[in-house]
1. Among the residues of segment 65-73, is there at least one that is among the acidic types (Asp, Glu), touching a residue at least 40 places away in the same chain (Cβ under 8 Å), open to solvent by 30 Å² or more (accessible area, probe 1.4 Å) and farther than 23 Å from Tyr218 by Cβ?
2. Determine which single condition Ala215 fails, assuming it passes every other condition in (1) modelled with pLDDT under 90; (2) surrounded by 10 or more Cβ atoms within 10 Å (Cβ to Cβ).
3. Which one is nearest to the ligand (Cβ to nearest atom), of the residues in segment 65-78 that are within 16 Å of His43 (Cα to Cα) and touching an Asp or Glu at 6+ places or on another chain (Cβ under 8 Å)?
4. Run Cys191 past the list (1) modelled with pLDDT of 90 or more; (2) open to solvent by 100 Å² or more (accessible area, probe 1.4 Å); (3) not aliphatic (A, V, I, L, M) and report the number of the one that doesn't hold.
5. Quick check on Ile156: is it touching a residue at least 60 places away in the same chain (Cβ under 8 Å), in a loop (DSSP other than H, G, I, E, B) and open to solvent by 50 Å² or more (accessible area, probe 1.4 Å)?
6. For segment 178-262, which fully contained strands (runs of 3 or more DSSP E) count at least 3 residues that are among the aromatic types (Phe, Trp, Tyr)?
7. What single numbered condition from (1) among the basic types (Lys, Arg); (2) buried (at least 16 other Cβ atoms within 10 Å of the Cβ); (3) within 15 Å of the ligand (Cβ to nearest atom) fails to hold for Lys47?
8. Is one or more of the residues making up segment 9-25 away from the ligand (no atom under 16 Å from the Cβ), within 22 Å of Phe236 (Cα to Cα), in a helix (DSSP H, G or I) and hydroxyl-bearing (Ser, Thr, Tyr)?
Amino acid sequence: MPKTAFTNYEAVKAALDFPTVLSHYDIATTGSGDQLKIICPFHEDHKPSCGVHTTNGVFNCFSCTASGNIFDFVVDMEGGDAKNKTGLRAGALKGIKIMQLDPADFGNSGGNKRAKSQKQTKPSGKKSPTPRQRPAKKQQDDTHDEGQKDETKAPINPPLTFELDLEQDHPFFEERDISKETIARFGLGYCKKGIMAGRICIPLHNDQGELVAYAGRYAADDLPDDSPRYKLPKGFQKAHVLYNLHRIKQQPDTKRLVIVEG
Ligand SMILES: [Zn+2]
């Protein structure tokens, strides 16, 4: 692979098309029209929990928190992180390959600068991917919709200035044999009001041990239709947090950390 400095991720995103991408990964779909469902590839899924909108080029899992645009999908499938250049680049290369396009068509000035031209290099003729209706965004890196735009201004996942009032006594824990020690150690509890109402909340910390969010697992089995089983606050960027890292850092003997998926 030549080391071209292409980084026109927006153009790659525009060239991607969900049916082709899904078939590349051998992912079967249900549903019809432009709204499909797939077995979510990002968690252990047994029924199709992940919705895909082929026209809008977005996906959203109702069981885990996986969601994003089609480009994110490819990046995630490749095990990359859409927040860093390596992940973006790997995803872009893969996307171009999946669509059988020519990498040269996606080259622009590249590097860290803004793309000079907003007009997107149209991929050459072979396929004619339906261009997405969105206008090109300001910057090639802006492929993610989670508001990372100005990383310099606001910290990602700033520490919370409040704590939820959680009930440690809930049948959820008993049914799952979650001990009082575990509940206390991880600060788990049932939340009765607010956006996490009806959920078992799990405090999430940054590597400094500061509370940055709560993950909320719906406590009852009968999940309302439009509600995800696991919920994270809007704007929380989970890709930037390795859960429990601060606890590991407290262990004096930790020399090596092995991260596995799932
Ligand atoms: Zn999922």
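The values are calculated or read from the model by the stated rules, or taken from the named source; none is laboratory data. Because the structure is a prediction, the values reported are computed rather than measured. Neighbour counts are summed over all protein chains in view; Cβ atoms, including those assigned to glycine, are modelled from backbone coordinates with ideal geometry. The area values use the complete protein model at the heavy-atom level, side chains included, leaving out ligands, DNA and RNA. Shrake-Rupley method; radii C 1.70, N 1.55, O 1.52, S 1.80 Å.
1. Checked segment 65-73: no residue is among the acidic types (Asp, Glu), touching a residue at least 40 places away in the same chain (Cβ under 8 Å), open to solvent by 30 Å² or more (accessible area, probe 1.4 Å) and farther than 23 Å from Tyr218 by Cβ.
2. (1)
3. Ala66
4. Exception for Cys191: condition (2).
5. Working: touching a residue at least 60 places away in the same chain (Cβ under 8 Å): yes; in a loop (DSSP other than H, G, I, E, B): yes; open to solvent by 50 Å² or more (accessible area, probe 1.4 Å): yes.
Yes, satisfied.
6. Result: empty, no element qualifies.
7. (2)
8. No: zero hits.
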